Amino acid sequence: MPTCHDLKKGEVYVCGDCGLEVQVTRECDCDASQSKCACTTDDNACVFTCCGEEMKKRA
């Protein structure tokens with residue numbers, strides 16, 4: 001899964017097992033340097049899982 005800075009409004013992420021879909025409705029508002037964002041300090045900050053697997057961007 002990309003970091004929150006990579007997620008863009010309107011994108012959809014899907015569970016490959018059950019088909020659950022999550023749509024990005026608001027983009028990250030962290031500062032440009034990203035130094036205040038947990039994604040730069042916590043490897044699990046932007047991991048979205050469903051059914052035990054990471055969700056993938058719908059093509």
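Length available on full extension from CYS28 to LYS9: 0.36 nm per residue minus the Cα-Cα distance, which gives 5.9 nm. Could you work out the local net charge near VAL12, counting Lys and Arg as +1, Asp and Glu as -1, over the other residues with Cβ closer than 12 Å to its Cβ? Local charge sum for VAL12: +3. Computed with a 1.4 Å probe over protein heavy atoms only, the accessible area of LYS56 comes to about 120 Å².
The values are calculated or read from the model by the stated rules, or taken from the named source; none is laboratory data. Owing to the predicted nature of the structure, the values given are computational and were not obtained by experimental measurement. Because the Cβ atoms are built from the backbone with ideal geometry, glycine has one as well, and the counts that use them run over all protein chains shown. Quick note on the areas: whole protein, heavy atoms, side chains included, nothing else; ligands and nucleic acids left out. Shrake-Rupley method; radii C 1.70, N 1.55, O 1.52, S 1.80 Å.
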